[in-house]
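Remarks on the structure that follows.
The values are calculated or read from the model by the stated rules, or taken from the named source; none is laboratory data. Note that the structure is predicted; figures quoted are calculated from it, not measured. When we count neighbours, we look across all protein chains shown, and the Cβ atoms used for this are built from the backbone with ideal geometry, even at glycine.
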Amino acid sequence: MNPKFLIVLSPPRSFSSVVATMIGQHPELYGFPELHLFIGDTVHEVLDRELASGNYLGPPGLIRSIAELQFGRQTNATCSKAAGWLDTRRHWSTKKLMDHLRSLVDPLIGMEKSPVTALKAIGLERAYAFYPDAYYLHLTRHPLSTRRSLDIFIANRRRMRGNTRERAFDNILSWYRFHKNIMDFTQTLPPGQTMRIKGEDVLSEPDLYLPQLAAWIGIRTDAAAIDAMKHPELSPYAYRGPAPAHGGNDGNFMRNPALRPGRIKEPNLQAFWAEERVPWVAEADRQFFVNAGFDIAPNTDLMAEMTGMANALGYH
């Protein structure tokens, strides 16, 4: 099995589906969809957590990957077989399952991209405990673009589920929460093991940034390899899966997975702070951080902290 492994870390709604799928189309890589394997130590734990989220067979991306690699293709029947295959391996560690999937794509380098990994520090710690030598790519998106995308996604999901309750906190806090976890983790890694890149840059100038990503991983940077990366629509996971496993990637991406040329505009963060005057010190917001494991003191200036983080990531 190829010893190299690439793990993409990002908050939800951070261009992770399109950018990671692009990267995974490199001739030396295999891009998995969202597997959710770092949220638990065992397959049993992952399946139980997914059940609580409404995914009755398991993570859709994981089911699709097993169907594709273990049973040769993705159909209603093979996805059902994949769910049964997975259920009989509840006793497996999630590392054992990840290594099994990697062995099925050998000699290609596996690439995993589940935003949920960074939801809590324990997910990142588990990924590192399993794969201390992996490459860790920190993918970012402007906080306001992420916020807007999360607002739309959550509103649509709640409408579909008949849940009309309002969100208890502003979704820009989710952006901060995920990036705080990722930055705390990646700053402990040695130079060269981690790389940070803006999703906007990759999508706006793929010919400039894709070769840099490939060079960092130590794989081909020739024109043919880079051109392959610009065709995410050719991934077996670029489209909506069969009925038992519809997901595995962002829905908007799966509806139109082709790379769309053009520069992505970034909102003005300073203008947002000046105009919105969001009450960042609200008790609901603080409780959100407490639940996430952050110790937020009463006099903490969250707006200043988020501004500093955004600037550090290249956003203004």
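Among the residues of region 1-34, none is identified as of a type in the set (Gly, Ala, Ser), in a strand (DSSP E or B) and within 17 Å of residue 182 (Cβ to Cβ).
Hey, any hits in region 85-108 for a residue that's surrounded by 24 or more Cβ atoms within 10 Å (Cβ to Cβ) and touching a residue at least 12 places away in the same chain (Cβ under 8 Å)? No, the conditions are met nowhere in region 85-108.
Taken over region 31-46, residues that are buried (at least 23 other Cβ atoms within 10 Å of the Cβ) and either more than 19 Å from residue 7 (Cα to Cα) or touching a residue at least 60 places away in the same chain (Cβ under 8 Å) (or both) amount to 8. The selection criterion, being farther than 22 Å from residue 217 by Cα, in contact with a strand residue (DSSP E or B) (Cβ under 7 Å, 6 or more places away or on another chain) and of a type outside the set (D, E, K, R), does not hold for residue 21.
Being on the phi < 0 side of the Ramachandran plot and modelled with pLDDT under 95 holds for only one residue in 101, 86, 108, 144, and it is 144. Kindly establish whether residue 50 is assigned to a helix (DSSP H, G or I), crowded, with 19+ Cβ neighbours inside 10 Å and at pLDDT below 95. When the stated conditions are applied, residue 50 passes them.
Can you go through 123, 61 and tell me which one is touching a Leu at 6+ places or on another chain (Cβ under 8 Å), surrounded by 19 or more Cβ atoms within 10 Å (Cβ to Cβ) and either farther than 18 Å from residue 248 by Cβ or touching a residue at least 24 places away in the same chain (Cβ under 8 Å) (or both)?
It is 61.
Identify the residue in region 115-135 that is among the aliphatic types (A, V, I, L, M) and not in a helix (DSSP H, G or I) and, among all such residues, is farthest from residue 11 (Cα to Cα). The selected residue is 134.
Selection of region 64-92 for residues being under 24 Å from the mean Cα position of the chain (by Cα), in a helix (DSSP H, G or I) and polar (S, T, N, Q) yields 65, 70.
Just to be sure I understand the filter: pairs with C-beta atoms under 6 Å, separated by 6 or more residues or on different chains, first member in region 248-277 and farther than 30 Å from residue 25 by Cα and surrounded by 14 or more Cβ atoms within 10 Å (Cβ to Cβ), second member of a type in the set (Gly, Ala, Ser) and modelled with pLDDT of 90 or more. Which pairs pass? Note: pairs meeting the criteria are 269/310. Residues in region 183-217 that are acidic (Asp, Glu) and either part of a helix (DSSP H, G or I) or within 18 Å of the chain's Cα centre (by Cα) (or both) were compared, and the one that is farthest from residue 144 (Cα to Cα) is 207.
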